[in-house]
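Asks: I have a structure here, written as structure tokens, and I will follow up with some questions on it.
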Amino acid sequence: MLRLSLFAGAFVLSLAGQADAQPLVQPDWLETHLHDARVVVLDIRPRSTTEAATAHIPGAVPADYETAGWRTKTEDGAGGALPPIDRIAATIAALGVGDATHTVIVGDDFGATARVYWTFKVLGHTDVSILDGGWTRWATERHSVETAAVAPRAAAVFTPRYNPDIRAELPEVAQTLSSGNRTLIDARPPGQWFGTAKSPAVKAFGHLPHAVWIDQSDALIADGTALKPKAALVALFEKVGAAPITTYCNTGHLAATDWFVLSEVLQHPDVRLYDASLSQWTSDSSRPIVR
């Protein structure tokens with residue numbers, strides 16, 4: 001079934017002179033630009049799944065979200081934090097992504113694609129997009145597919161330009177709780193928000209004090225591969241207002257959806273992702289949590 005684009009023609013972009021790619025690109029656009037030298041497609045689907053192991057977009061480089069090095073565990077309890085800058089930059093360069101590359105991220109879990117997208121943005125690489133509807137839409141619309149293994153292009157020169165303005169770290173979150181200078185948004189499912197369930201990555205039930213709950217799944221279509229239409233997103237996030245925002249979850253995965261909607265779709269001017277999230281926060285039992 002065809003899915004409507006959030007912005008239809010607005011997401012058609014030209015590579016010529018384009019420094020900042022549009023957040024979402026459509027399958028038809030990608031089909032047309034698959035052989036452009038400047039475009040690199042990263043397929044972040046788990047390689048353990050049969051479909052991901054046997055079929056992919058032509059030329060798409062395998063970059064498994066769980067195993068390729070996009071996130072790391074840290075000694076302070078974080079279950080999926082941003083790796084050290086030099087390390088994640090080396091990972092990206094080894095995938096054939098350079099400073100002049102337009103990177104297109106493909107997956108079937110929007111939170112995962114949004115988290116990888118945020119990783120590029122926090123490293124200062126703005127020429128990055130997500131394939132709207134992911135692999136599922138690509139295959140459903142019968143775009144070209146190949147089964148031959150793909151090796152990354154030669155390692156590229158990727159220069160990180162770290163952007164702290166879209167990342168929240170532990171001291172800032174603690175300051176937010178004491179000052180109320182930012183709105184905290186919890187992107188987790190209801191059981192975890194209400195404290196009747198928790199992720200194995202988190203050591204305590206409940207949520208951060210004064211947080212607002214916007215379950216990231218409410219921003220997605222039923223299969224979780226794409227966002228709902230823009231009007232629905234505007235209504236969902238209407239209660240947030242204009243205050244600066246920090247999104248969080250358990251390991252910075254689910255919160256990436258809320259970050260992407262607010263920052264890239266609704267163009268909120270100040271949105272940060274707490275990538276270490278509650279896995280880090282709850283590793284110290286003296287830090288406040290409410291149930």
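What follows is calculated from the coordinates using simple rules that are stated; it is not laboratory data. A quick note: this is a predicted structure, and the numbers were derived from the prediction, not measured. FYI the Cβ positions are ideal-geometry reconstructions off the backbone, even for glycines, and counts take in every protein chain you see.
Asks: Under 10 Å, Cα contacts only: if you run a Gaussian network model on the chain, which one of Leu278, Leu82, Leu123 comes out with the highest mean-square fluctuation?
Replies: Fluctuation is largest for Leu123.
Asks: So, one more: Report the residues of the stretch 204-228 in range of a label on Leu266: point 7 Å along Cα→C-beta, backbone N strictly under 20 Å from it.
Replies: Answer for this model: 208-222, 224-228.
Asks: How large is the translational diffusion coefficient of the stretch 19-73 in µm² per second when you combine the Kirkwood radius over alpha carbon pairs with Stokes-Einstein at 25 °C and 0.890 mPa s?
Replies: Diffusion coefficient, whole number: 192 µm²/s.
Asks: With a 10 Å cut-off between alpha carbons and a GNM built on the chain, which of Lys203, Lys121, Lys239 moves the most?
Replies: So, out of Lys203, Lys121, Lys239, the one fluctuating most is Lys239.
Asks: If you don't mind, another one. Expressed as a fraction of 2.2 N^0.38 Å, the rule-of-thumb size for a compact globular protein of N residues, what is the C-alpha radius of gyration of the stretch 8-162?
Replies: 0.99
Asks: Still on this structure, I have one more. Nearest 500 deg cm²/dmol is fine: what mean residue ellipticity at 222 nm does the chain get from its DSSP H runs of n ≥ 4 alone, each adding -39,500 (n - 2.57), divided by its residue count?
Replies: -7000 deg cm²/dmol
Asks: Quick one: which residues, 5+ away or cross-chain, put their amide H under 5 Å from the amide H of Trp213? H built at 1.01 Å from N.
Replies: Asp186
Asks: Which whole number in µm²/s is D for the chain by Stokes-Einstein, with the Kirkwood Rh taken over Cα pairs at 20 °C and 1.002 mPa s?
Replies: It comes out at roughly 111 µm²/s.
Asks: Find how much the distance from Arg38 to Ala53 grows on full extension, using 0.36 nm per residue of separation minus their present alpha carbon separation; answer in nm with one decimal.
Replies: Between Arg38 and Ala53, full extension yields 2.9 nm more.
Asks: Which three extents, in whole angstrom, do the alpha-carbon atoms of the stretch 165-281 cover along their principal axes, largest first?
Replies: Largest first, the stretch 165-281 extends 35, 29, 20 Å along its Cα principal axes.
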